[in-house]
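The values are calculated or read from the model by the stated rules, or taken from the named source; none is laboratory data. Given the structure is predicted, the values throughout are model-derived calculations rather than measurements. These accessible areas exclude ligands, DNA and RNA; they are computed on the full protein's heavy atoms, side chains included. Shrake-Rupley method; radii C 1.70, N 1.55, O 1.52, S 1.80 Å.
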Amino acid sequence: MKILETERLIIEEANLSDAPFFLRLLNSPNWIEFIGDRNIKSLEDATKYVQESLIDNYRKNGYGFYKMNLRETNQAIGAIGFLKREYLEFPDIGYAILPNHEGKGYVSEAAKAILEYGQDKLYLKEIVAFTTEENLASQKILSKIGLHFIDKRALDGEEFLYFSTKQPSSNKLKLDKIQ
């Protein structure tokens, strides 16, 4: 099911036939480095991931992580959407793109559109995001689409930068690197 379109992209729900694409995406270098190894090593693993981590969440939460396709060719190039984690009060936005499509503005375009979709269509009152201090590209995207750096938070024993659509409570809390 199509969620939205942008100038160059179609954002749509994933289905089980997308397992080969997600096998590639989840094993791409940036996914492994910045998101983490999900131990998806076979088509069977990828099919299970699509069902349990994507499709089941669409039904459970009314949203999830969607496939990002080029509008012109309908080729899958990445994924974007919202995750509702049990330990977080608000859904967090996440995204990933295959290496050969990086640096072309696709993620910024999709992130801006999916953020607006979350606010205007899903009525999410706050949307958050996490990224590593080393992931400068992600920090720039989050700032560009209107999220604000709040603070550093520990998750699963690692420290992450925490962003939100809400303004930080302190007046001048900013990251020097994304100015």
Quick check for you: with a 1.4 Å probe and neighbouring chains kept, what is the accessible area per residue of region 1-113, in Å²? 51 Å²
Would you grab the residues whose amide H sits under 5 Å from the one on ILE127? Only those 5+ places off in sequence or on another chain, please, with H modelled 1.01 Å from N. THR165, LYS166
For ARG71 and GLU52, compute 0.36 nm times the residue count separating them, minus their Cα-Cα distance, and round to one decimal in nm. 4.2 nm
Take every Cα pair under 8 Å in the chain that's 6+ residues apart, average their separations, divide by the length, and report that relative contact order as a whole percent. 16 percent
Entries in LYS144/LYS166; LYS60/LYS125; LYS112/LYS140; LYS60/LYS152; LYS121/LYS166; LYS104/LYS140 that, when Cα-Cα distance is taken, lie over 24 Å: LYS60/LYS152
Karplus 3J(HN,Hα) series, Hz, for region 55-68 with 6.51 cos²θ - 1.76 cosθ + 1.60 (x for Gly, Pro): 4, 4, 6, 4, 6, 6, 9, x, 7, x, 9, 10, 7, 10
Label region 35-78 by shape, choosing from rounded, prolate and oblate, from the square roots a ≥ b ≥ c of the eigenvalues of the Cα gyration tensor; if a/c is under 1.5 it is rounded, and otherwise prolate applies when a/b is larger than b/c, oblate when it is not. oblate
In Å and on Cα atoms, what radius of gyration and Dmax does the chain show? 15.7, 49
Per the helix-only calculation at 222 nm, which mean residue ellipticity applies to the chain, given -39500 (n - 2.57) for every DSSP H run of n ≥ 4 and division by its residues, nearest 500 deg cm²/dmol? -7000 deg cm²/dmol
Using a 1.4 Å probe on the protein heavy atoms, what percent of the accessible area of region 35-144 belongs to carbon and sulfur? 47 percent
